[in-house]
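K.L.:
The structure that follows is given in the form of structure tokens.
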């Protein structure tokens, strides 16, 4: 035990009360940290081998699921797990429990707002806790390499910096509620097609620059207490037995002190997985049950390795209060959390097109509205992340609540196009709601299913005042984009769907969402457009596009997307100015650590209050040996301004912001040369630019 002399006993507190308080807090923190470690080790030291093995895998029967059963004699509580990228999932066996159906995570990514990401995590975490769980399987932060991925809606888009920043905030929100976050799926779970067997051949540089950074942020900055290893193979080895990923990078390089769980059914071995760093097999003990016990008894897996797995999990449970304050079910604050869900949904809606200023609509100028298409609230995608909503607000209910009884709203589900066009023809405005239902386990076409494209074209022909509202989980193709004056991407808005969409359409909320992934004009424009890149040949997929994922690909190949990464319109306008970059020249000496400050102003130059997601990109010097994208996102900030209001924005870029992964030295490196500093409203709307020089190290003078 650590022996501590109270500062008050030395007379120190009498003379330096502030310093004394800080010292006591520090000593208390050290004792608490030590206590968690010691308690975990003490518990493990008193466990039998059978008890240890039982704690290394999940248990499932007619009344239990997603659970590791506790051991009362040792004070080990049940360890209940629920899914959670879009809110607390129903989880477990028995009656499915409802929770707040938050907007899809891709909608959260569209807010470009760290504060909202933290609120989102806090809601999901608190409800998971109040439903009796200890761990929330979230966030999902896999990069949207292919927009066809059926789980794109669960993640934060195509850029690793954006995904990492939002993941950190989400994790902080979750763990502030005394529940364990579980960042997933480590790593490169980027397609659902053949996900259980696919072997992803990923180059070292792409792995480090595109697919690992958000996980690195989640561990180093977000301090996620747990991580989930994914289904696929990476470079020939399944993720859950991949020593270089789980041990070398995750634990040794990043200093991960938490525990690793498996995706459900993602384990393929006993000894290999145990020695690589897997700590908990879910949902049962196919490999970490009797087979692991036999491996221990035959000395293939040392008992010390088993002990460390348990210590890691117990320590996290103690740190976050799961041992001392086990979660007990209680009613959820439906109204309070519903209001947060509404605010996030509103902020995540992206205005893609608004020709002639047709939006926002004015109820006073309308008599008849034709509401055509999807009649029900789009509460989320399918699969394990599905949330049973506490309530739903359908599109018609949201619109009626907004416009009142003076406006007639007539509906048609769009199944019969002639009837829909007849309805649209006689209306003052036609609102067409189309979308998809993406889900885990399946990838999808980028084209809208059924007759939806034909429906939009027909309605737009019948009524030139047609507004299209998309409810999709990823990018979609829009062959009718030139035919309609207004397009709104609402994603899956969650249980407050109707209210959120109505608020944006009628201007109660000024849209401020920005796309977290690129919308292509044609399917063949996407980065992974060849069969060997996606979906793969003979269960192998080649990531031959390297670092040129998403907007990096479109920029480098000078392809015009339908809608660019970072793009989103507003009902107001913003003016950028007064860019200052300091310093403008740096010397790359051996011990130099570049630190660049970027300052500029943003003014709301329009007539209504609005918010702007200001974006900072860096263009690195490119060569044949190390080709670089024209720009890479390195900073963003959501600013909210009244008409005429100005704000000052400041970014600080460290060495990592200027680094690439050098495959020769196997480390981060800053190249000498000219770097572009690009500030704008989207990746294709640069408003301010400057350059800085990274000078090569000066040659050392020869000694005489």
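Read-outs throughout are calculated quantities, based only on the coordinates presented, and are distinct from any laboratory measurement. All of these numbers come straight from a predicted model, not from anything done at the bench. Every residue, glycine as well, gets a Cβ built from its backbone with ideal geometry; the counts of neighbours run over all protein chains shown.
K.L.:
I need the peptides 123-130, 216-223, 333-340, 257-264 ranked by packing, meaning the mean over residues of other C-beta atoms within 10 angstrom, with the highest value on top.
P.N.:
123-130, 257-264, 216-223, 333-340
K.L.:
While we're looking at this one, here's another question. Please provide three numbers in whole Å: the alpha-carbon extents of the range 345-556 along the principal axes, with the largest listed first.
P.N.:
60, 39, 32
K.L.:
Right, next: For the range 598-649 and the range 314-352, what is the separation of their Cα centres, given in Å?
P.N.:
Between the Cα centres of the range 598-649 and the range 314-352 lies a distance of 30 Å.
K.L.:
What ranking do 694, 282 get, fewest neighbouring Cβ atoms within 10 angstrom at the top?
P.N.:
Sorted ascending by nearby Cβ count, the order is 694, 282.
K.L.:
What is the Cα centroid distance between the range 83-140 and the range 476-491, reported in whole angstrom?
P.N.:
29 Å
K.L.:
Also, quick follow-up: Can I get the semi-axes of the range 310-461's equivalent ellipsoid? Compute them from the C-alpha gyration tensor as square roots of 5 times the eigenvalues, in angstrom, largest first.
P.N.:
In descending order, the three semi-axes are 41, 21, 14 Å.
K.L.:
What's the ranking of 246-254, 154-162 by average number of surrounding C-beta atoms within 10 Å, highest first?
P.N.:
Packing order, densest peptide first, comes out as 154-162, 246-254.
K.L.:
While we're on this one: Would you mind computing Rg(Cα) / (2.2 N^0.38 Å) for the range 31-319, counting N as its residues?
P.N.:
Cα-based Rg divided by the globular estimate yields 0.94.
K.L.:
Out of all DSSP beta bridges in the range 345-556, what portion is antiparallel? Express it as a percent rounded to 5.
P.N.:
20 percent
K.L.:
Report the label-to-label distance for residue 539 and residue 674 in nanometres (one decimal), using points 7 Å from each Cα along the Cα→Cβ vector.
P.N.:
Computed distance between label sites residue 539 and residue 674 equals 5.1 nm.
K.L.:
Beta carbons within 10 angstrom, averaged per residue: use that to sort the peptides 53-64, 344-355, 186-197, 398-409, highest first.
P.N.:
344-355, 186-197, 53-64, 398-409
K.L.:
Also, I was wondering about something else. Run the Debye formula on the Cα coordinates of the chain, all scatterers equal and no solvent, and tell me log10 I(q)/I(0) at q = 0.12 1/Å.
P.N.:
Once normalised to I(0) and log-transformed, intensities are -1.36.
K.L.:
Give the Debye-formula value of log10 I(q)/I(0) at each listed q (0.13, 0.22 Å⁻¹), with one equal scatterer per alpha carbon of the range 574-695, two decimals each.
P.N.:
The calculated log intensity ratios at q = 0.13, 0.22 Å⁻¹ are -0.55, -1.24.
K.L.:
Continuing with the same structure: Express in nm, to one decimal, how much length is gained between residue 252 and residue 557 on full extension, taking 0.36 nm for each residue of separation and deducting their alpha carbon distance.
P.N.:
Result: 106.0 nm gained on full extension.
K.L.:
Could you compute Rg(Cα) / (2.2 N^0.38 Å) for the range 45-154, with N its residue count?
P.N.:
1.29
K.L.:
On to the next question. To one decimal place, what Kirkwood hydrodynamic radius in Å is obtained for the range 287-390 from all pairs of distinct Cα atoms?
P.N.:
Its Kirkwood hydrodynamic radius stands at 20.8 Å.
K.L.:
Express the relative contact order of the chain as a whole percentage, based on alpha carbon pairs under 8 Å and six or more residues apart in sequence.
P.N.:
Relative contact order comes out at 14 percent.
K.L.:
Only bridges with both residues in the range 31-319 count here: give the DSSP antiparallel percent, nearest 5.
P.N.:
In the range 31-319, approximately 25 percent of DSSP beta bridges are antiparallel ones.
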